[in-house]
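Beneath this line is the structure, given in structure tokens, with notes to follow.
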Amino acid sequence: LREVVGRVAQAVPFYAKRLGEGNVRAEDIQSLDDLARIPLTTKHDLRDNYPFGMVAVPIDDIVRIHASSGTTGKPVVGPYTRNDMTLWAEVMARTLASGGVTRKDIVHNAYGYGLFTGGLGFSLGAETIGAAIVPASSGLTKRQLMLLEDFGATVLCCTPSYALVIAEEAQAEQIDVRRRMKMRVGFFGAEPWTEAMREEIEGRLGLEAYDVYGLTEVIGPGVAVECPYHDGMHINEDHFLAELIDPESGERLPMGSVGELVFTTLTREAAPVLRYRTRDRVRLWTEPCRCGRTLARMSKVLGRTDDMLKVKGVNVFPTQIEEALLRVGGLAPQYLIMVDRPKDQLDQLEVWVEATAELWVQGEYQVKAVEHRANAELHQVLGIHTRVVVQEPKKLERSLGKAVRVMDRRAQTRWPHAPRLASPVQPQRTGSAMRTPPPGRSFHLT
Ligand SMILES: [Zn+2]
């Protein structure tokens, strides 16, 4: 820690200034408790220093540049030196090895290849282990199914939402995945997902699902991964120092609590960060795991502190809604949350969620009953009234990468885009059962 603080104070003007303002000198750092004296780094800081203001090495030493999707404004840049690539290869090899991947495996990688770190990161890990990598990237799901079967892939890597797209496509094509394919384990990350979704993916694809965690600002994927006990993700603490803060006050929180995850990179050369705020809400704990690893563990991501919606003054996380919906039964993990504040009215929270095929064929009466139970469950969990609309299976548009789950309409007069449906029709059930939302409470498509 002392070494990295000294290095960035020398090489990165941003950190020189920040550390100077806080009167923090590398030689003053005696223990990990001194971490609290170091100022936090935010995504805004990285954007303000776009593209190479945070780089701590001569530009000539950089051999790879990745970038985050940058859905709002400039992307976050992830530069790597030769040593950073070696580090990344090592932590990605650890990630895959945690799920028992060896050189005998065939790894089908459906994370997007390109600027996004998911595709090339998993490639690097598989090659390091000596497994065969199939760089399928995302999209063309029918062809992916063909390759998965024909090449006999034993490992699947993609976002959890895309894993479900693959499962659905297989079902539509009447492909018995468990009988015709050899998939054994899968590594799913890049978006928050729940235990219910794990069961769904494992059940439908016949594999063991591992949660993985990472971010461009730290290294890409490879920051943390589950072990076969699936009791939290082990953080590669020898490279990435994790701590937990209160997102409101910025105060450090004790191990064992829930808060915002913060990382300091210890060995990264090109783009070291000090106390970087991930905006991910997790639980963090240090008790040794049954597998024998003593690395700190983090829970699944419980939500993004910037995905948190304030509805009628209540904090709402999309993952809370997902968990509640999947507890009800008869609903699929495909949903869209919409928040609106009609003129002179209170906030309204509407959730579109797809029925399972089994529920849908039971007809209107059963669908209504489930809708009713879903509303009751959400009221129980969130303490506010919501409006759940159960949709026909496959009604909502599927994402090939990270799924879009939330549309907050309060800040603007029009949707940035209309809710994306898989088929270009208004939401409805069946012909005669079509329901028109009462005026003033509906979400019109633009
Ligand atoms: Zn473990």
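Of A89, A97, all but one fail to be open to solvent by 30 Å² or more (accessible area, probe 1.4 Å), outside the structural domain of A403 (by TED's automatic domain parsing) and not in a strand (DSSP E or B); the exception is A97.
Exactly one residue out of V218, V225 is closer than 25 Å to F116 by Cα, of a type in the set (V, I, T) and part of a strand (DSSP E or B): that is V225.
Quick check, is L302 touching a strand residue (DSSP E or B) at 6+ places or on another chain (Cβ under 7 Å) and closer than 21 Å to V351 by Cα? Yes: the conditions hold for L302.
Residues are listed down the side, and each one gets a yes or a no for (1) in contact (Cβ under 8 Å) with a residue 24 or more places away in the chain; (2) open to solvent by 30 Å² or more (accessible area, probe 1.4 Å):
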site	(1), (2)
R2	yes, yes
F14	yes, yes
N23	no, yes
T42	yes, yes
N49	yes, yes
V55	yes, no
P75	yes, yes
G78	yes, no
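Tell me, please, whether a residue that is closer than 30 Å to N49 by Cβ and more than 13 Å from the chain's Cα centre (by Cα) can be found in the range 202-218. Among the residues of the range 202-218, at least one is closer than 30 Å to N49 by Cβ and more than 13 Å from the chain's Cα centre (by Cα), which makes the answer yes. Determine whether D45 is assigned to a helix (DSSP H, G or I) and more than 20 Å from T216 (Cα to Cα). Here the answer is no, as D45 does not meet what is asked.
Of everything listed in (1) modelled with pLDDT under 55; (2) within 29 Å of the chain's Cα centre (by Cα), the single unmet condition for A433 is (2). Step by step: first the residues of the range 238-254, then only those that are acidic (D, E) and surrounded by fewer than 18 Cβ atoms within 10 Å (Cβ to Cβ), then the one that is nearest to the ligand (Cβ to nearest atom). Which residue is that? Residue satisfying both the conditions and the ranking: D238.
Against the list (1) within 14 Å of V301 (Cα to Cα); (2) touching an Asp or Glu at 6+ places or on another chain (Cβ under 6 Å), the condition I245 fails is (1). Residues in the range 368-402 that are open to solvent by less than 40 Å² (accessible area, probe 1.4 Å) and touching a Lys or Arg at 6+ places or on another chain (Cβ under 6 Å): I384 only. Scanning the range 258-315 for residues that are of a type in the set (D, E), touching a Phe, Trp or Tyr at 6+ places or on another chain (Cβ under 9 Å) and either open to solvent by less than 50 Å² (accessible area, probe 1.4 Å) or within 15 Å of the ligand (Cβ to nearest atom) (or both) turns up just one, D280.
The values are calculated or read from the model by the stated rules, or taken from the named source; none is laboratory data. These figures come from a predicted structure and were not determined experimentally. A quick note on method: Cβ atoms are made from the backbone with ideal geometry, for glycine too, and the neighbour counts reach across all protein chains shown. These area figures cover heavy atoms from the full protein model, side chains too; ligands, DNA and RNA do not enter into them. Shrake-Rupley method; radii C 1.70, N 1.55, O 1.52, S 1.80 Å.
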